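Data block below; observations after.
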Amino acid sequence: MALAGTRSAGQATLALAIALFLGVFLVVPVATVVYVAFTEKGGGGLTLVNFLDFARTDLFVRSFWNSVYVSAMTVVWASALALPLAYLTTRFEFRGAMLVQTLGFLPLVMPPFVGAVAMQLLFGRNGSVNLLLDEWLGIKIGFMEGLNGVIFLQAIHYFPFILVNLSAALRNIDRAMEEAAQNLGSHGLRLFRRIALPLALPGFIAGASLVFVKVFDDVATPLLLNVKEMLAPQAYLRITSIGIDDPMGYVISVVLIGVAVATMWASALVLKGKDYATTQRGGGGLARRKLKPRESALAYAVVILILTLVLAPHVGLLLLSFATVWSYSPLPDGYTLAHYARVLGDSSGYIKNTLLYSSLAAGIDVVIGGAIAYLVLRTKLPGRQWLDWAASTALAVPGVVLGIGYLRAFYGVKMPDGTPLAALWIVIVLAIAIRRLPYALRAAYAALQQISVSLEEAAENLGATKARTVRRIVIPLMTGGLLAGFVTSFATAAVELSAVLILVQSNSDAPLAYGLYVLMQTPAGRGAGAALGVIAVVLVAICMGLAQLAADRSQRARGLDI
Amino acid sequence: MSKPVRAVGIEIAGVNLSYGTTHVLKNVDLSVRPGELFAFLGPSGCGKTTLLRLIAGFAQAETGRVLLDGRDVAPLPPWKRDVGMVFQSYALWPHMTVAKNVAFGLEERRLPRAEIDRRVAEALDLVGLSDYAGRRPAQLSGGQQQRVAVARTIAIEPKVLLLDEPLSNLDAKMRVSVRRELRALQQRLGLTTIFVTHDQEEANTICDRIAVMDAGTVRQVGTPMELYENPANLFVASFLGSANILGDGDGIPVPAGKRLVFRPQHATLSSIDGVPLRGPVTHREFLGATVRYNVQVGGSEILVETPFQSGGELRTVGDMVGVALPPERMLYLPA
């Protein structure tokens, strides 16, 4: 072990560098937010007075409960959409199953705020659907009224998270579990409720808690629907309208973090001792029942209805991007390419910025994610697990909180020319990189876990040093997985908004998502905003396709592995 | 339930079943008598589990009929058959206690609560697990889990009991005691029971009769001893115990289309004079009670097992020996 010294020195340097990066760009900003929330305004001692103020302010308390209500109702409605689809696709022979599976990718392609305005035009008080309902039946339905609008939009965007997790859990149940129940006299929905659903509960909870947190943290969707009395929007409004010295923005941020952590903790608590890993023990896959013609028709009706709802924001966005004028009518008055000309002309800076920021952020993520994965899985460095935990905590930090933290922590840090560090565009990149790091980290783990250690040992046995083994064996074999991680990070970074919203200082530094948000605020800008949205969706969809391709290729290359 | 139930017979007639292009069951005819413990025995992939699942309603036959107590069960879904099945993996529901697991089938039958409680207690008592009613399945040993699975099944007082490789998830020591318990329980209940296994010892030791299956067909049905003494074909002869199989031209004339079959322990080694089967010893193994010789006779290698006596004469590899065979031990089976 004479070499161990130099070897672990290199590893330790790498680990320290990563720790420093995470410390400066994740821990310090978040700690600053927490610290400010607990200190008196103007730099006094530690206090709880800010939280008392928060509890005494009607607006904040109302916003808090509104956020809880919206998140909970979104989970309820998302479950109502996901349950029948999961049941249908995992327990019956159903040709539409493929269609349902592809739904899982839609929320990744387009975050809910992108389609918010389009959904107003389709489902709002004077939107297409209500105009038609009014004409035919003389009724209007308040799909988009106040909080309902947020719930409606979030539910149709996020139900695939529940669907995907629940379906996977349902598929993993040993089929003997359900056959035993049938054998003892149970069948149909009753069987599903008593046996399949409880066994799939871990999958459902995982999806539901994710949806709850995502909705709770969302800033842009409520704001674009003109709903201000929710907690995350309040944090943003407070900081941008009153300034970074006002403690309320920080208190709200701490509450947001608290809710995210509490949700994850609660779901872990509910799931404790419920890890029914009932993998198939012998005997084929699940026995799926054939649908009778009547049932089949009903199944298709349900799937098509849900699919229509899910695609509505996309269709609305597309229409809006080509519309001349669209108000008080089911469809636009006329069609034009002018919006695209505009965004590809004078607004093309948004697109350039997005491409630049997302590639840089994704690059940082893949390098750091790959390095952490290597340190954790392949070295014995003490404390290596902490890097993983630190990077993963980014999941519990809402974007708006990270943005506020950056602003507060880095505004005082001046560049040589006097501009504050927080005003530089590179800070936007770093915030996005931190936000997306957990995704790239998982991808890197997956890629590295698929490589047998013996491949590396063989290289060392033949005389390659650790560093050369990494370069000649590990990295080439990880390429597919890392590429998939890069593209996924890139795609999700391209539509990241909540942190960006706080950090953008000038329009020329703004990425596409920010431009879309600003344009969508005014009726005159909607068309151009929608055109940006369509471009973003196409960009992300292409990336997702590429990521899938990269993942497939690495799957095939895995034939080489052991 | 502790009192004997009215035992029911099972008739399987002309059953064919395929999964895609694989013909899993080919013209299966079987008759299980009321109250007997009957084994489906065969190598893996022979269709024995599929046949069991067919009786339980988890597989559909293309042709043929399954009669329970003289009634065709084809139109009945699994939950209306009253056929109790114990799954190979036991399939105990991890989110329910032992008592809840056992109560499940009774609850599905909408029995009154008091009746359910009484029968759950009775079933758990029968398998000796009354003290474990409040436990979760994960807190039990493999053998206890298996008893819960049995209790859960017999609690509904099924017409017949189906056991799918019930001993395969137990360690070797447990198997011997559990198979005796199963036999004792089956006798006490008088319940017609089918026992699926690939292990001839399990089938031989506890079952009244055995159907030997191979490649989707039933090759022979009989008591363990009948099958051993009078195998109807080469498959049964070699699957149950070991058998020497000789064709024509190895020294003894064999009729066209037949093979000569005998057990290794029925042959003895002799001098080569006047014996049609003879050749050199190629291998010798000491097995404790017996010594096993391989003798090269013509194109075939013959196994001969002789009792071991201390101080007895042993042959060594290379010795020329004769293989003597009493005529009543020679079987001529279709090739």
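The values are calculated or read from the model by the stated rules, or taken from the named source; none is laboratory data. Keep in mind that what you see is a predicted model, and the values were worked out from it rather than measured. FYI the Cβ positions are ideal-geometry reconstructions off the backbone, even for glycines, and counts take in every protein chain you see.
Just to be sure I understand the filter: pairs with C-beta atoms under 7 Å, separated by 6 or more residues or on different chains, first member in segment B:309-326 and more than 22 Å from residue B:262 (Cα to Cα) and outside the structural domain of residue B:296 (by TED's automatic domain parsing), second member at pLDDT below 85 and assigned to a strand (DSSP E or B). Which pairs pass? Sorted first by the residue in segment B:309-326, then by its partner, the list stays empty. Of all the residues in segment B:24-71, those that are of a type in the set (Val, Ile, Thr) and loosely packed, with under 14 Cβ neighbours inside 10 Å number 1.
Cβ-Cβ under 8 Å, sequence separation 6+ or interchain: first residue in segment A:313-339 and aromatic (Phe, Trp, Tyr), partner assigned to a loop (DSSP other than H, G, I, E, B) and surrounded by 13 or more Cβ atoms within 10 Å (Cβ to Cβ). Which pairs? Matching pairs, first to second residue: A:322/A:332; A:322/A:336; A:326/A:332; A:328/A:126.
Looking only at segment B:196-218, residues that are farther than 17 Å from residue B:166 by Cβ and not small (Gly, Ala, Ser) come to 6 in all. Hey, does segment A:162-171 have a residue that's in a helix (DSSP H, G or I), more than 17 Å from residue A:112 (Cα to Cα) and at the interface with another protein chain (Cβ under 9 Å from one of its Cβ atoms)? No: segment A:162-171 contains no residue that is in a helix (DSSP H, G or I), more than 17 Å from residue A:112 (Cα to Cα) and at the interface with another protein chain (Cβ under 9 Å from one of its Cβ atoms). Among the residues of segment B:255-305, those that are of a type in the set (S, T, N, Q), closer than 18 Å to residue B:327 by Cα and in a strand (DSSP E or B) comprise B:268, B:270.
Taking the condition of a type outside the set (Phe, Trp, Tyr), in contact (Cβ under 8 Å) with a residue 40 or more places away in the chain, part of a loop (DSSP other than H, G, I, E, B) and in contact with a Leu (Cβ under 9 Å, 6 or more places away or on another chain), does residue A:144 pass? Break it down into steps so the answer makes sense when it comes.
On the way: of a type outside the set (Phe, Trp, Tyr): yes; in contact (Cβ under 8 Å) with a residue 40 or more places away in the chain: yes; part of a loop (DSSP other than H, G, I, E, B): yes; in contact with a Leu (Cβ under 9 Å, 6 or more places away or on another chain): yes.
Considered against the rule, which asks whether it is of a type outside the set (Phe, Trp, Tyr), in contact (Cβ under 8 Å) with a residue 40 or more places away in the chain, part of a loop (DSSP other than H, G, I, E, B) and in contact with a Leu (Cβ under 9 Å, 6 or more places away or on another chain), residue A:144 comes out as yes.
Sort out which residues of segment A:32-52 are part of a helix (DSSP H, G or I), in contact with a helix residue (DSSP H, G or I) (Cβ under 8 Å, 6 or more places away or on another chain) and under 18 Å from residue A:397 (Cα atoms), and write them in order of number. It would help to see each step written out before you state the result.
Start the filter on segment A:32-52 by keeping residues that are part of a helix (DSSP H, G or I), which leaves A:32-37, A:49-52.
Next, from what is left, pick out any that are in contact with a helix residue (DSSP H, G or I) (Cβ under 8 Å, 6 or more places away or on another chain): A:32-34, A:36-37, A:50-51.
Within segment A:32-52, A:32, A:33, A:34, A:36, A:37 meet the criteria.
Of all the residues in segment B:161-194, those that are closer than 22 Å to residue B:125 by Cβ and crowded, with 22+ Cβ neighbours inside 10 Å number 8.
In the set (1) in a helix (DSSP H, G or I); (2) surrounded by fewer than 19 Cβ atoms within 10 Å (Cβ to Cβ), residue A:417 fails one condition alone, (1).
Taking residue B:231 as the residue in question, decide whether it is in a loop (DSSP other than H, G, I, E, B) and touching a helix residue (DSSP H, G or I) at 6+ places or on another chain (Cβ under 8 Å).
Values: in a loop (DSSP other than H, G, I, E, B): yes; touching a helix residue (DSSP H, G or I) at 6+ places or on another chain (Cβ under 8 Å): yes.
Taking the combined requirement at face value, the residue satisfies it.
Checked against (1) touching a Lys or Arg at 6+ places or on another chain (Cβ under 8 Å); (2) surrounded by fewer than 18 Cβ atoms within 10 Å (Cβ to Cβ); (3) of a type outside the set (Gly, Ala, Ser), residue A:448 passes all but condition (2).
Out of all the residues in segment B:219-227, is one or more surrounded by fewer than 19 Cβ atoms within 10 Å (Cβ to Cβ), at pLDDT 90 or above, over 12 Å from the mean Cα position of the chain (by Cα) and not hydroxyl-bearing (Ser, Thr, Tyr)? Yes, segment B:219-227 contains a residue that is surrounded by fewer than 19 Cβ atoms within 10 Å (Cβ to Cβ), at pLDDT 90 or above, over 12 Å from the mean Cα position of the chain (by Cα) and not hydroxyl-bearing (Ser, Thr, Tyr). Considering only residues of segment B:72-95 that are over 26 Å from the mean Cα position of the chain (by Cα) and more than 8 Å from chain A (Cβ to nearest Cβ), which is surrounded by the most Cβ atoms within 10 Å (Cβ to Cβ)? Across segment B:72-95, the extreme among qualifying residues is B:76. Candidates in segment A:95-133 are the residues that are surrounded by fewer than 23 Cβ atoms within 10 Å (Cβ to Cβ) and assigned to a loop (DSSP other than H, G, I, E, B); of these, the one that is farthest from the chain's Cα centre (by Cα) is A:126.
When B:115, B:107 are checked against the criterion of being free of Cβ contacts under 8 Å to residues at least 24 places away in the same chain and facing chain A (nearest Cβ under 10 Å), a single residue qualifies: B:107. For residue A:181, indicate whether it is at the interface with chain B (Cβ under 9 Å from one of its Cβ atoms), out of contact with any helix residue (DSSP H, G or I) (no Cβ under 9 Å at 6 or more places or on another chain) and buried (at least 20 other Cβ atoms within 10 Å of the Cβ). In short, no.
Among the residues of segment A:134-152, not a single one is of a type in the set (Val, Ile, Thr) and within 14 Å of chain B (Cβ to nearest Cβ).
Is segment B:196-212 home to any residue that is in the same structural domain as residue B:62 (by TED's automatic domain parsing) and closer than 22 Å to residue B:332 by Cβ? Yes, segment B:196-212 contains at least one residue that is in the same structural domain as residue B:62 (by TED's automatic domain parsing) and closer than 22 Å to residue B:332 by Cβ. Considering every residue within segment B:140-147, establish whether at least one is surrounded by 23 or more Cβ atoms within 10 Å (Cβ to Cβ) and either within 12 Å of another protein chain (Cβ to nearest Cβ) or within 21 Å of residue A:192 (Cα to Cα) (or both). No, that holds for no residue. Residues of segment A:311-337 that are surrounded by 14 or more Cβ atoms within 10 Å (Cβ to Cβ) and over 27 Å from residue A:154 (Cα atoms): A:336 alone. The residue that is farthest from the chain's Cα centre (by Cα), counting only those in segment B:44-71 that are of a type in the set (D, E, K, R) and within 14 Å of chain A (Cβ to nearest Cβ), is B:53. Restricting segment B:118-134 to residues that are more than 13 Å from every other protein chain (Cβ to nearest Cβ) and not aliphatic (A, V, I, L, M) leaves a set whose member that is surrounded by the most Cβ atoms within 10 Å (Cβ to Cβ) is B:132. Assessment of segment B:5-23 against the conditions (surrounded by fewer than 22 Cβ atoms within 10 Å (Cβ to Cβ), within 14 Å of chain A (Cβ to nearest Cβ) and in contact with a strand residue (DSSP E or B) (Cβ under 7 Å, 6 or more places away or on another chain)) yields no matching residue. Taken together, B:164, B:125, B:131, B:117 contain a single residue that is touching a strand residue (DSSP E or B) at 6+ places or on another chain (Cβ under 8 Å) and among the acidic types (Asp, Glu), which is B:164.
Looking only at helices (runs of 4 or more DSSP H) that fall completely inside segment A:462-537, which ones have 1 or more residues that are charged (D, E, K, R)?
Details: elements: A:466-469, A:475-494, A:498-503, A:512-520.
So the answer is A:466-469.
The set of residues from segment B:134-157 being part of a loop (DSSP other than H, G, I, E, B), in contact (Cβ under 8 Å) with a residue 24 or more places away in the chain and either in contact with a strand residue (DSSP E or B) (Cβ under 7 Å, 6 or more places away or on another chain) or not hydrophobic (A, V, I, L, M, F, W, C) (or both) comprises B:134, B:135, B:136, B:156, B:157. Is it the case that some residue within segment A:429-441 is modelled with pLDDT of 80 or more, surrounded by 16 or more Cβ atoms within 10 Å (Cβ to Cβ) and over 26 Å from residue A:220 (Cα atoms)? Yes, the conditions are met somewhere in segment A:429-441.
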